[in-house]
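Asks: If you scroll down you'll find the structure; I have some questions about it.
What follows draws every value from the coordinates through simple rules; no lab data is involved. The structure displayed is predicted, hence computed values, not measured ones. Glycine also receives a Cβ, built like all others from the backbone with ideal geometry; neighbour counts cover every protein chain displayed.
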Amino acid sequence: MNKRKIGADYEEIAAGYLESKGYRILERNYRCRYGEVDIIAVRDGMLVIVEVKYRSSTGCGEPAEAVDVRKQRRICRVTMDYLMRHQYFYGKPCRFDVISICGDNHPEHMENVFCFHGS
């Protein structure tokens, strides 16, 4: 199975998990010239940007470790694009979460993993 298909399958699992916890999914795989974010959701008035990371094992580290500073900056640039295009959310609270899935384990949802990185 190719990596894109595997990623899509685990993003589907993550989206279902979030919906079961009361999140409303607004966007999946939001793309712009700066990159892509996996899930944009809202819950209790909070805009939540979610990066989904999957690894079949922890041999190369935990999945969430792949969300390094470079990836965080890219996610923030994509988020700014989304906020400018959807002015309803501009100025509203926003947080960055990671859903980590390792092997056949259940999703691990880590909230507010990093702060906004400008430029």
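Asks: Using DSSP, restrict attention to beta bridges with both residues in the chain and report what percent are antiparallel, rounded to the nearest 5.
Replies: Numbers: 16 of 25 bridges.
Of those bridges, close to 65 percent are antiparallel.
Asks: Here is a further query. Can you give me the angle between helix 69-85 and the longest principal axis of the chain, using Cα atoms only, in degrees from 0 to 90, rounded to the nearest 10?
Replies: For helix 69-85, the angle is close to 40 degrees.
Asks: Using the count of nearby Cβ atoms within 10 Å as a rough guide to exposure, how do ASP81, ASP104 rank from fewest to most? Intermediate results must be reported in sequence, preceding the final value.
Replies: Working: ASP81 17, ASP104 6.
Neighbour counts put them in this order, fewest first: ASP104, ASP81.
Asks: A follow-up question, please. Please list, in order along segment 41-47, the HN-Hα scalar couplings obtained from phi with the Karplus expression 6.51 cos²θ - 1.76 cosθ + 1.60 (θ = phi - 60°), rounded to whole Hz, x for Gly and Pro.
Replies: Karplus-based 3J(HN,Hα) across segment 41-47 equals 9, 9, 8, 6, x, 9, 7 Hz.
Asks: Here is a further query. Only Lys, Arg, Asp and Glu count, each charged at its Cβ (+1, +1, -1, -1), so figure out the dipole size of segment 3-114 about its Cα centre, rounded to 20 debye.
Replies: Values: 19 positive and 17 negative charges, 117 e Å.
Charge dipole, segment 3-114, about its Cα centre: 560 debye, nearest 20.
Asks: Name all residues of segment 85-119 having a backbone nitrogen under 18 Å from the label point set 7 Å from the Cα of ILE6 along its Cα→Cβ direction, giving them as ranges.
Replies: Residues 99-108 fall inside that zone.
Asks: Calculated from DSSP H runs of 4 or more alone, at -39500 (n - 2.57) each and per residue, what is the 222 nm mean residue ellipticity of the chain, nearest 500?
Replies: Details: 2 runs with 35 residues, N = 119.
Dividing the helical sum by the residues of the chain leaves -10000 deg cm²/dmol.
Asks: Between TYR90 and ARG43, take the C-beta separation as r, use R0 = 22 Å, and let me know the FRET efficiency to the nearest 0.05. Display every interim value, and only then the final one.
Replies: Values: r = 18 Å, r/R0 = 0.83.
So the FRET efficiency works out to roughly 0.75.
Asks: When you count, for each residue, the other Cβ atoms within 10 Å and take the mean per peptide, how do 39-45, 19-25 rank with the highest first? Could you put the intermediate results ahead of the total?
Replies: Working: 39-45: 15.6, 19-25: 12.1.
In descending order of packing, they fall as 39-45, 19-25.
Asks: Right, here's the next one. With the contact rule set at Cα under 8 Å and sequence spacing of 6 or more, what percent relative contact order holds for segment 3-114?
Replies: Value for segment 3-114: 25 percent.
Asks: Straight-line reach from LYS21: which lysines have a Cα under 22 Å away, not including same-chain ones fewer than 8 places off?
Replies: LYS53, LYS92
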